[in-house]
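K.L.:
One structure is given below, represented as structure tokens, and several questions about it will come after.
The values are calculated or read from the model by the stated rules, or taken from the named source; none is laboratory data. Since the structure is predicted, the reported quantities are computational estimates derived from the model, not experimental observations. A quick note on method: Cβ atoms are made from the backbone with ideal geometry, for glycine too, and the neighbour counts reach across all protein chains shown. Side chains included, ligands, DNA and RNA excluded: accessible areas come from the protein's heavy atoms. Shrake-Rupley method; radii C 1.70, N 1.55, O 1.52, S 1.80 Å.
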Amino acid sequence: MTVSPELDARFRAAALREGLVDVRVDRFDSPLGELFVAATPRGVCRISYTSEGQEDALARQLGPRLLRVPLDPVRRELDEYFEGRRRSFDLELDLQVTPFHREVLAELARVPYGQLDTYGALAARVGRPRAARAVGGVMNRNPIPIVLPCHRIVGADGSLTGYAGGLEIKRALLELEGAVIPL
């Protein structure tokens with residue numbers, strides 16, 4: 001049985017209207033390749049450079065009722081960022097993380113566009129000056145990269161260290177922002 005696009009759109013709209021969706025998901029192209037984006041009714045909960053395994057992980061974490069629908073506000077803000085017309089994001093976020101992760105990610109969100117900071121400095125600002133490695137772990141598991149700009153965090157010597165999307169993408173984001181990247 002084939003469902004017409006109109007009927008499909010009506011079913012999707014009804015599911016959203018009736019609160020039958022735990023997580024909305026979308027995929028779209030960016031200058032860095034395809035991005036997978038997910039949001040709950042509370043806000044954006046995931047941005048990933050790969051869609052592989054994301055839907056299963058979200059279903060286990062947030063509920064099995066996933067629906068692919070356009071996430072236009074997220075797409076618009078990311079497009080504006082990649083076009084150099086946006087330096088910060090106004091999106092609501094739904095962070096399903098531990099209190100330590102939440103504290104680190106809140107401090108991360110304060111790192112200005114185009115500026116670099118270190119894991120150690122971020123650790124010190126959350127009151128854990130000896131927890132640079134733990135902060136690195138939080139950066140590695142950041143569920144909403146780009147919006148929560150873990151690409152702006154570098155090693156103590158200024159080196160580009162680890163990034164879930166790969167160092168090439170980290171460098172591309174920093175170049176987009178006009179950051180001075182140490183050699």
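K.L.:
Taking Rh as the Kirkwood radius, which is the inverse of the mean 1/r over Cα pairs, what is the Rg/Rh value for segment 133-183? Provide the component values of the computation, followed by the final result.
P.N.:
Values: Rg = 10.2 Å, Rh = 11.1 Å.
Taking Rh as the inverse mean 1/r over Cα pairs, Rg/Rh reads 0.92.
K.L.:
Let me ask something additional. I need the fraction of alpha carbon pairs in segment 93-183 separated by more than 19 Å, rounded to a whole percent. Please list the in-between numbers first.
P.N.:
On the way: 1286 of 4095 pairs.
Counting pairs separated by more than 19 Å, the tail of P(r) holds 31 percent.
K.L.:
Could you order peptides 9-17, 174-182 by the average number of other Cβ atoms within 10 Å of their residues, highest first? Can you show the working numbers first?
P.N.:
Numbers: 9-17: 12.3, 174-182: 14.3.
With the highest mean Cβ count within 10 Å placed first, the list reads 174-182, 9-17.
K.L.:
Dipole magnitude of segment 62-121 about its Cα centre, charges +1 at Lys/Arg Cβ and -1 at Asp/Glu Cβ only, in debye to the nearest 20?
P.N.:
My answer is approximately 160 debye.
K.L.:
Considering only protein heavy atoms and a probe of 1.4 Å, how much of the accessible area of the chain is carbon and sulfur, as a whole percent?
P.N.:
Numbers: 5060 of 10060 Å².
Solvent-exposed carbon and sulfur of the chain make up 50 percent of the total.
K.L.:
Identify the trypsin sites (Lys or Arg not before Pro) of segment 51-120 meeting these criteria: DSSP loop state and at most 11 other C-beta atoms within 10 Å of the C-beta.
P.N.:
On the way: sites: Arg60, Arg65, Arg68, Arg75, Arg76, Arg85, Arg86, Arg87, Arg102, Arg110; in loops: Arg65, Arg85, Arg86, Arg87, Arg110.
Sites meeting the loop and neighbour criteria: Arg85, Arg87, Arg110.
K.L.:
In debye to the nearest 20, how big a dipole does the chain give about its Cα centre with +1 on each Lys and Arg Cβ and -1 on each Asp and Glu Cβ?
P.N.:
580
K.L.:
Still on this structure: Taking every DSSP beta bridge that has both residues in segment 1-129, what percent is antiparallel when rounded to the nearest 5? Let's see the in-between values first.
P.N.:
Numbers: 12 of 16 bridges.
Rounded to the nearest five, the antiparallel share is 75 percent.
K.L.:
Here is a follow-up. Take every Cα pair under 8 Å in the chain that's 6+ residues apart, average their separations, divide by the length, and report that relative contact order as a whole percent.
P.N.:
Values: 246 pairs, mean separation 32.1, N = 183.
About 18 percent, as a whole number.
K.L.:
Take Asp117, Asp29 and sort them by solvent-accessible surface of the protein heavy atoms, 1.4 Å probe, largest at the top. Intermediate values should be presented prior to the final figure.
P.N.:
Working: Asp117 30, Asp29 125 Å².
From most accessible down to least: Asp29, Asp117.
K.L.:
Let me ask you something else. Might you work out the accessible area of Tyr49 for me, using a 1.4 Å probe with all protein chains in place, and round it to the nearest 10 Å²?
P.N.:
50
K.L.:
Let me ask another. Report, please, the projected area of segment 81-136 averaged over directions, based on the convex hull of its C-alpha atoms, in nm². Mind dumping the intermediate values first?
P.N.:
Numbers: hull surface 17.9 nm².
Taking a quarter of the hull surface, the average projection is 4.5 nm².
K.L.:
Which percent of Cα pairs goes in each bin when the distances of segment 1-72 are cut into 5 angstrom slices starting at zero?
P.N.:
3, 15, 26, 23, 17, 13, 3, 0
K.L.:
At 1.4 Å probe radius, can you tell me the per residue accessible area of segment 18-169 in Å²? Each step should come with its number before you reach the end.
P.N.:
Values: 7690 Å² over 152 residues.
For segment 18-169, the solvent-accessible area averages 51 Å² per residue.
K.L.:
With N set to the residue count of the chain, report its C-alpha Rg divided by 2.2 N^0.38 Å to two decimal places.
P.N.:
On the way: Rg = 17.7 Å, N = 183, 2.2 N^0.38 = 15.9 Å.
That works out to 1.11 for the chain.
K.L.:
Now a separate question. Using a 1.4 Å probe and counting only protein heavy atoms, arrange His151, His101 so the residue with the most accessible area comes first. Please list the in-between numbers first.
P.N.:
On the way: His151 0, His101 35 Å².
Ranking His151, His101 by accessible area, largest first, yields His101, His151.
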